[in-house]
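Peer 1: Have a look at this one before I ask anything.
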Amino acid sequence: MHTTLTLFGIKPGHWRWGLAQMGTSQRPLQKVKGLNFFKLLGSGQGRGFSLKPNWYRYGLMATWSSPAAAEDFFKGHPLLEEYRQHTFEQYHLDLQPLQAHGLWSGQNPFTSETLPAPADKPIAVLTRASIRLTKALDFWKHVPQASASLDHANGLLASIGLGEAPFLRQATFSLWKDEASMKEYAYRMAAHREVIKNTRTRGWYSEELFARFTPLHSEGTWNSVDPLQGLV
């Protein structure tokens, strides 16, 4: 399934439009030909899960019936022209799903296959979860230290905390130099290992999904740079 992630940097003073588009963009996107699945996402401050919203960064994650359907939308849909008027930068990624475990809104939108990551190539990781309301306080007591540990992760190119709804429906998207760097963080960083253990023992999530992707193409900037420049 062809997958895209687009991050939008909202112009100073346009934060009200940015917040409103989380609702107003839903209907136009539902009518886009070839768009099989999409999520409009807000963001948090920092690299991972965060209680502090960033009113100037939003995302659109989508799966498409074909690369051509995605290209038609991003090159010519009127909704994208509206976004351009309100943003100072956009960063677009075309992604090939390698594996995905779990559910997002009751479905796995990415792939049922497990494909090997290309050797010595960048890899993208999405972790998302619906947090049980009764477990939210416990979750937010334990998770910030794992997000903070991303600041010291070797091979991390970029990372962002995303979410469909504050506090309860959260995600982290990260880009890594290669699979080895990603696995070193995932399995050797103590704070991250502790979160993985607590996820199972403390029952934080009502739904979760973990997915890996190969970045195929990048375009534009994210915080004024392309983290994958020269790598894809």
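The values are calculated or read from the model by the stated rules, or taken from the named source; none is laboratory data. Just so we're clear, the structure is a prediction, and the values are computed from it rather than from any experiment. Here Cβ is always computed from backbone atoms with ideal geometry, including for glycine, and neighbour counts include all displayed protein chains. Just the protein is used for accessible areas: all its heavy atoms, side chains included, with ligands, DNA and RNA removed. Shrake-Rupley method; radii C 1.70, N 1.55, O 1.52, S 1.80 Å.
Peer 1: Test THR63 against the criterion of being hydroxyl-bearing (Ser, Thr, Tyr), out of contact with any Asp or Glu (no Cβ under 8 Å at 6 or more places or on another chain) and open to solvent by less than 30 Å² (accessible area, probe 1.4 Å), and give yes or no.
Peer 2: Against the criterion (hydroxyl-bearing (Ser, Thr, Tyr), out of contact with any Asp or Glu (no Cβ under 8 Å at 6 or more places or on another chain) and open to solvent by less than 30 Å² (accessible area, probe 1.4 Å)), THR63 qualifies.
Peer 1: Specify the residue that is most open to solvent (accessible area, probe 1.4 Å); the eligible residues are those in the range 75-108 that are closer than 16 Å to THR4 by Cβ and not in a strand (DSSP E or B).
Peer 2: Top of the filtered list is LYS75.
Peer 1: Then there is this: Restrict the check to the range 19-33 and report whether at least one residue is of a type in the set (D, E, K, R) and within 16 Å of GLU82 (Cβ to Cβ).
Peer 2: There is at least one residue in the range 19-33 that is of a type in the set (D, E, K, R) and within 16 Å of GLU82 (Cβ to Cβ).
Peer 1: May I ask you to list the residues in the range 67-91 that are within 17 Å of SER218 (Cα to Cα) and among the hydroxyl-bearing types (Ser, Thr, Tyr)?
Peer 2: TYR91 - this is the single residue of the range 67-91 that is within 17 Å of SER218 (Cα to Cα) and among the hydroxyl-bearing types (Ser, Thr, Tyr).
Peer 1: Scan the range 200-215 and report the pairs whose first residue is over 23 Å from LEU98 (Cβ atoms) and whose second residue is surrounded by 17 or more Cβ atoms within 10 Å (Cβ to Cβ) and at pLDDT 95 or above, with Cβ atoms within less than 8 Å and a gap of 6+ or a chain change.
Peer 2: Cβ pairs passing all conditions: none.
Peer 1: Another question, then. Among the residues of the range 64-97, count how many are touching a helix residue (DSSP H, G or I) at 6+ places or on another chain (Cβ under 9 Å), hydrophobic (A, V, I, L, M, F, W, C) and either touching a residue at least 40 places away in the same chain (Cβ under 8 Å) or under 25 Å from THR127 (Cβ atoms) (or both).
Peer 2: 4
Peer 1: Mind checking which residues of the range 23-67 are of a type in the set (A, V, I, L, M) and under 14 Å from the mean Cα position of the chain (by Cα)?
Peer 2: LEU40, LEU41, LEU60, MET61, ALA62
Every residue, every condition in (1) farther than 20 Å from THR214 by Cα; (2) open to solvent by 20 Å² or more (accessible area, probe 1.4 Å); (3) modelled with pLDDT of 95 or more; (4) of a type in the set (Asp, Glu), yes or no:
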{"residue": "ALA129", "(1), (2), (3), (4)": "yes, no, no, no"}
{"residue": "ALA136", "(1), (2), (3), (4)": "yes, no, no, no"}
{"residue": "ALA153", "(1), (2), (3), (4)": "no, no, no, no"}
{"residue": "SER159", "(1), (2), (3), (4)": "no, no, no, no"}
{"residue": "ALA180", "(1), (2), (3), (4)": "no, yes, no, no"}
{"residue": "GLU194", "(1), (2), (3), (4)": "yes, yes, no, yes"}
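Residues are listed down the side, and each one gets a yes or a no for (1) within 20 Å of GLY46 (Cα to Cα); (2) in contact with a strand residue (DSSP E or B) (Cβ under 8 Å, 6 or more places away or on another chain); (3) at pLDDT 90 or above:
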position: GLN107; (1), (2), (3): no, yes, yes
position: LEU126; (1), (2), (3): yes, yes, yes
position: PHE139; (1), (2), (3): yes, yes, no
position: ALA146; (1), (2), (3): yes, no, no
